[in-house]
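The block underneath contains the structure these notes are about, expressed in structure tokens.
Only the coordinates and a few stated rules stand behind these numbers; no lab work does. Keep in mind the model is a prediction, meaning the values are calculated, not measured. Cβ atoms come from the backbone with ideal geometry, glycine included; neighbour counts cover every protein chain shown.
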Amino acid sequence: MKQLLIEETTSTNTLLKEHPDLIGPMTMAIALRQTSGRGQRGNFWESEAGKNLTFSFHFKPEGTAPAEQFAISEAVALAIAETLSAYGIEARVKWPNDIYAGDRKICGILIEHSLFGKEITRSIVGIGLNVNQREFRSDAPNPVSMWHLTGRKHDIESLAMTLGERLEKNLGIITTKEGKETTHRNYLGSLYRGDGLPYRYREASSGEEFMGIIRDVEPSGHILIEKESGTTGRYAFKEIVFI
Ligand code: BTN
């Protein structure tokens with residue numbers, strides 16, 4: 001795997017998108033500082049320079065059609081949870097792909113696919129993992145870092161190595177049908193609120209609040225939540241709020 005260590009850039013996702021010349025088949029671009037780190041929904045991603053692991057990973061997904069692209073999210077989220085577990089941190093995946101420790105967010109993922117016909121031609125997976133940052137200033141809900149959870153500083157380079165290896169391994173697994181199935185089972189087993197108990201949700205369109213149980217996540221990424229009434233709601237990202 002090709003690794004690039006960059007002192008400063010706007011956003012590692014943008015850098016890889018705009019500079020195909022930098023890209024090998026599997027490339028990891030790590031930045032010490034991002035001047036306009038991007039989060040989901042157009043949000044800014046807060047990360048103090050040199051304190052966290054902020055990088056993007058470029059690869060060409062083999063054997064994954066656009067309709068099953070959520071397998072990539074699952075493989076990536078599991079790679080992060082597994083890496084954190086190796087550091088003694090129990091992390092869960094908040095659907096679709098936020099990584100939580102308890103009720104606090106430790107890592108965010110921004111995946112951008114390029115599609116051509118029935119193929120994903122390339123994927124850029126951006127990961128922001130809070131490592132040694134102690135104070136967060138933005139209005140991001142409940143951020144937490146590895147430092148908060150373990151009470152010590154962590155070496156960012158060796159963390160990047162461990163996570164890079166897990167990503168490579170997990171993305172290799174989903175190239176087969178069986179691998180996708182195993183990954184999906186593991187993803188469901190790692191879900192925040194995935195313990196089969198009812199939790200409170202709000203439907204964004206109707207404003208309706210209800211207690212529901214997460215039943216599954218489809219290959220497209222839609223989540224299925226069974227309501228107390230017995231009906232099952234199917235939601236895309238942004239259509240349902242966890243409360
Ligand atoms: C989120 O909002 O949860 C997603 C955050 C993703 C942040 C990472 S940091 C490295 C990469 N470059 C970016 O600009 N964003 C992603």
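Miscellaneous remarks
- The chain: calculated mean residue ellipticity at 222 nm from DSSP helix runs of at least 4, using -39500 (n - 2.57): -7500 deg cm²/dmol
- Each other residue within a Cβ distance under 9 Å of E203 adds +1 if Lys or Arg and -1 if Asp or Glu, for a net charge of -2.
- Entries of K17/K60; K118/K180; K169/K238 with Cα pairs more than 20 Å apart: K169/K238
- Fully extended contour minus Cα-Cα distance, from A49 to E209, at 0.36 nm per residue: 53.6 nm
- Dipole of the range 106-243, positive direction: furthest Cα of N170, I111, Q133, with charges on the beta-carbon: Q133
- Residue order, fewest to most beta carbons within 10 Å, for K227, K153: K153, K227
- FRET efficiency estimate (nearest 0.05) - Cβ-Cβ, S36 to R234, R0 45 angstrom: 0.85
- Against the compact-protein benchmark of 2.2 N^0.38 Å, the Cα-based radius of gyration of the range 55-95 scales to 1.35.
- Note that the chain carries a Kirkwood radius of 18.5 Å, evaluated over its alpha carbons pair by pair.
- Taking other C-beta atoms within 10 angstrom as a stand-in for reagent exposure, L224, L197 fall in the order L197, L224, fewest first.
- For I173 and D216, a Förster radius of 25 Å and the Cβ-Cβ distance give a FRET efficiency of 0.80, rounded to the nearest 0.05.
- In plain terms, the bigger the Kirkwood radius, the slower the diffusion; for the range 1-138, with that radius from Cα pairs, at 25 °C and 0.890 mPa s, Stokes-Einstein puts D at 159 µm²/s.
- Label-point separation in nm, T10 to L224, each point 7 Å along Cα→Cβ: 4.1
- V241-E119 FRET efficiency (beta carbon distance; Förster radius 30 Å; 0.05 resolution): 0.35
- Residue-wise HN-Hα coupling along the range 136-147, computed from phi with Karplus coefficients 6.51, -1.76, 1.60 (Hz; x: Gly, Pro): 10, 9, 6, 8, 4, x, 6, x, 8, 10, 4, 4
- Gained length - R104 relative to T162, 0.36 nm times residue gap less alpha-carbon distance: 18.6 nm
- 3J(HN,Hα) from dihedral phi, the range 161-172, Karplus parametrisation 6.51/-1.76/1.60, rounded to Hz, x for glycine, proline: 4, 4, 5, x, 5, 5, 4, 4, 5, 5, 6, x
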